[in-house]
Structure formats: structure tokens, C-alpha cells
Amino acid sequence: MENTGAAPDLPSDGEVEVPVQVRRDGSRYVATLRGEEVGASYVREHGDRVTFTHTEVDPDAEGHGIGSTLVRWALDDVRSRGASVDPQCPFVAAYIRRHPEYQDLVA
């Protein structure tokens, strides 16, 4: 993801929860903060299997839970469609290891 400068109105305290919106956009899930794209998780779909290949967050927005919010939303979307997950992306794989409620999605 290209660094576009400081994330809009992002709190400086990494523990502050920020109002991130996530949407599915073709072959990726996109996180936005106040209308600015701040993260994306890229996927490939093969039938009912979703392979997560890469997740990135704007460097100026890292450390504020945006990546975790993005991945949680994406995994919930995959679950709602009855699909399984192939977590090739290291961030997604680590998220699933830390959150056992998503381990049943792994193909």
C-alpha cells in the first residue's frame, strides 16, 4: 500500500479504538478511516475456499488495530458465506492462531 501521508485524524495512542469501516471490493477487503483507504487484505477465491495472500496497513496507521479489524471482518464475511480459509498471509495466519473461534474456517 502506498504511504499517502498521515492517516486522517488518527489518534496517536495505539490503544485507542478507531472507527474503521471495512468493505469487500473485488479480490480484496478494504479498511477505510474517515473516507481514506488505510488497509487492505487481498484474497483469491476458488469455489468455497478463500485464500488470503497479503494484508497491509498504511504505515502511518499501523498499531491502532486496523489490521485486526480488517481481518476479523473478512473472516466473518467468509464464515457468513459458508466458505473456508487458506491463510497464506502471515498476518491472517497469526490472527487465526490468536483467535481460536476462527480456526474452524481453516481448510
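Can you tell me which residues in the stretch 90-107 are part of a strand (DSSP E or B) and within 16 Å of Thr69 (Cα to Cα)?
Filtering the stretch 90-107 for residues part of a strand (DSSP E or B) gives 106.
Passing the criteria: none in range.
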Open item on the list: Could you tell me how many of the residues in the stretch 1-35 are under 14 Å from Gly67 (Cα atoms) and either at pLDDT 95 or above or not in a loop (DSSP other than H, G, I, E, B) (or both)?
Closed with: 10
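The values are calculated or read from the model by the stated rules, or taken from the named source; none is laboratory data. Keep in mind the model is a prediction, meaning the values are calculated, not measured.
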